[in-house]
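Here the structure is laid out as structure tokens; the discussion comes afterwards.
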């Protein structure tokens with residue numbers, strides 16, 4: 001009997017083909033555009049979606065007719081730094097950019113055309129990063145001035161949710177107008193000497209949507225380095241009443257702004273602020289921020305090399321509210337993922353017992369990330385950790401010195417947990433176990449909510465009921 005209807009190839013269905021185009025690699029997308037006109041129409045956007053000038057180094061030499069034809073497919077422009085690169089994307093067809101990263105040079109023409117590009121795409125921009133290059137950062141303020149009007153679409157509401165500005169300059173009231181014109185902003189990044197020139201009065205517009213701020217303390221309290229702020233409410237914090245997280249760092253051991261002043265401004269104008277990242281702040285500055293400025297912190301992040309006994313004691317002041325402690329390695333703001341064993345000298349090995357106070361006393365901890373610290377199981381087993389709701393853990397363990405040992409420990413933990421052998425674990429509590437893998441697995445079994453574990457190589461994700469994978 002002949003079949004009247006054959007099963008169609010799913011990719012012949014336009015809706016499925018369009019959806020698939022969002023997940024293919026650029027080389028695969030290019031191949032797909034050559035199948036037929038219909039396929040070309042669906043996959044060409046994936047080919048043009050992201051333009052990274054650090055990767056697509058010859059794009060600026062592309063024929064202008066091609067850019068005019070397909071420029072409307074460009075949604076992300078990254079690492080734009082030179083005039084030829086800027087010329088290549090200055091066509092009117094490039095008008096649907098959602099993510100834009102520009103490093104602006106000194107020439108006035110270059111800066112003007114950069115602002116034109118921003119304005120041409122302001123209707124769709126969701127994330128914008130505008131920086132001055134190193135040469136421009138040391139230039140006169142007149143050469144770093146920009147107009148905020150370029151950021152705002154003429155006939156629609158700005159879609160910006162993330163804005164990064166570095167080494168630019170405009171008036172303080174223009175900054176308030178910028179915030180007023182971008183109601184969807186949730187993240188503000190002010191780094192690299194942004195100068196906001198004061199006027200006869202301060203427009204204290206409050207943006208209710210911004211909950212994440214990245215800016216050094218001096219930037220917030222002295223937006224114009226030449227102008228001393230004396231009155232309460234004149235700092236930039238007044239603009240962010242719903243601020244939750246602040247990357248608030250200082251490169252000086254002694255805070256240039258008295259901690260009493262910082263505390264007063266935070267208490268009055270940012271009452272919801274409960275998460276901080278002190279980045280590379282030296283130990284004395286980290287201590288003052290945690291111990292004296294902020295109260296009831298929920299999350300604290302810092303560079304591990306800035307840790308000290310005083311900082312640990314300061315963290316314990318927040319023991320009733322603290323849920324996340326993250327310490328990243330020197331020179332990074334992320335964490336290590338690699339197949340080989342992560343090997344690094346621990347500068348605070350002698351603080352091993354003191355560090356144990358954090359998981360023992362902070363009972364609400366859900367995240368503990370100390371990847372540069374090598375914990376000793378002898379110290380861990382001296383007293384129970386009280387943070388039974390621990391969800392993510394990143395530490396190294398003395399004795400887990402090979403990928404094989406790490407994998408064995410994690411697999412033992414996963415197998416036992418899948419067997420739901422909590423009672424069996426309790427029965428063997430007093431039994432002496434010598435091998436390090438079993439000791440680690442037994443410790444991990446005490447945390448029923450634990451899903452993400454890193455012990456020196458790659459993060460292991462435990463997923464109920466029986467699947468666990470290395471990420």
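Values in this text are rule-based calculations from the coordinates and carry no lab data. Please read these numbers as outputs of a predicted model, since none were measured by experiment. Ideal geometry is used to build each Cβ from the backbone, glycine not excepted, and the neighbour counts take in all protein chains shown.
Express as a percent, rounded to the nearest 5, the fraction of DSSP beta bridges in the chain (both residues included) that run antiparallel.
10
For every helix of n ≥ 4 consecutive DSSP H residues, a contribution of -39,500 (n - 2.57) applies; sum these over the chain, divide by its total residues, and give [θ] at 222 nm rounded to the nearest 500 deg cm²/dmol. Write down the numbers at each step before the final one.
Working: 18 runs with 141 residues, N = 471.
Calculated from helices alone, the mean residue ellipticity at 222 nm is -8000 deg cm²/dmol.
How would you order 390-402, 13-25, 440-452, 279-291 from highest to lowest mean count of nearby Cβ atoms within 10 Å?
Per-residue mean Cβ counts within 10 Å order the peptides as 279-291, 390-402, 440-452, 13-25.
Sticking with the crude label model, points 7 Å out along Cα→Cβ, report the distance from residue 150 to residue 391 in nm, one decimal please.
If labels sit at residue 150 and residue 391, their model points lie 4.1 nm apart.
So what is the relative contact order of the chain, in percent, for Cα pairs below 8 Å that sit 6 or more residues apart? Please report the intermediate quantities before stating the final value.
Numbers: 901 pairs, mean separation 30.1, N = 471.
Relative contact order here is 6 percent.
Roughly how many nanometres apart are two label points built 7 Å out from the Cα toward the Cβ at residue 329 and residue 143?
The modelled label-to-label distance comes out at 3.9 nm.
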